[in-house]
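Here is the structure we will look at.
What follows draws every value from the coordinates through simple rules; no lab data is involved. Small disclaimer: the values here were computed from a predicted structure and weren't measured. When we count neighbours, we look across all protein chains shown, and the Cβ atoms used for this are built from the backbone with ideal geometry, even at glycine.
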Amino acid sequence: MHRRAWRRTRGGVVVEAALIIPLALLLVMGAIELGRAWLSFNLLTHAVREGARRAAVTPELQQDDPQILSGIDATLQDAGVEAAASSVTFPAPLQTGTLVHVAAEVQFSPMVSLIFSQAGSAAIPLRADVVTRYEM
């Protein structure tokens, strides 16, 4: 009698597994994507803060200073992230205490668009901004 009851429930287990496994995979993939996006944003924020620190003490700072922008790009590239756009702006004339605005943007590509080419370009723009005072 015990074997007969087990045989009747075996089909139910397969159906339950077929319903639960895709949901569990969706949750796991979502958590991984959220972690990747958070990591990319943290790397971007770190690179922009480093750029702002350099900009605050760079003698003869220029609008979109290539030295600052290349530093941001290098920091991001070291982490495996490519900057889409970067900028260093401030109101003229530049003097001690002037607010300097440093910004950068990256395009985050979810794994879904990398795995399924039919998903199209689902890149999400991530942007970080820092405002600091010029100290030179």
The farthest towards the positive end of the charge dipole of region 2-133, of the residues Leu26, Val81, Leu61, given +1 on Cβ of Lys and Arg and -1 on Cβ of Asp and Glu, is Leu26
For Leu39, placing the label point 7 angstrom along Cα-to-beta-carbon and taking region 74-91, residues whose amide nitrogen sits under 20 Å are 74-84
Simple SL model, points at 7 angstrom along Cα→Cβ for Arg127 and Glu60; separation in nm is 3.2 nm
Expected sort for 52-64, 30-42 on mean C-beta neighbours within 10 Å, highest first, is 52-64, 30-42
Quick calc of log₁₀ I(q)/I(0), region 53-108, Debye, one scatterer on every Cα, no solvent, q values 0.12, 0.17, 0.22, 0.27 1/Å, result -0.29, -0.54, -0.81, -1.09
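Which FRET efficiency, nearest 0.05, do Asp78 and Val15 yield, Cβ-Cβ r, R0 35 Å?
After rounding, the FRET efficiency stands at 0.10.
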The helix 2-56 Cα axis meets the longest alpha-carbon principal axis of the chain at an angle in degrees, between 0 and 90 and rounded to 10, of 0 degrees
Relative contact order in percent for the chain (Cα pairs under 8 Å, 6+ apart) equals 25 percent
Short to long, in 10 Å steps from zero, the percent of alpha-carbon pairs of region 2-133 per bin is 11, 29, 20, 14, 10, 7, 5, 3, 1
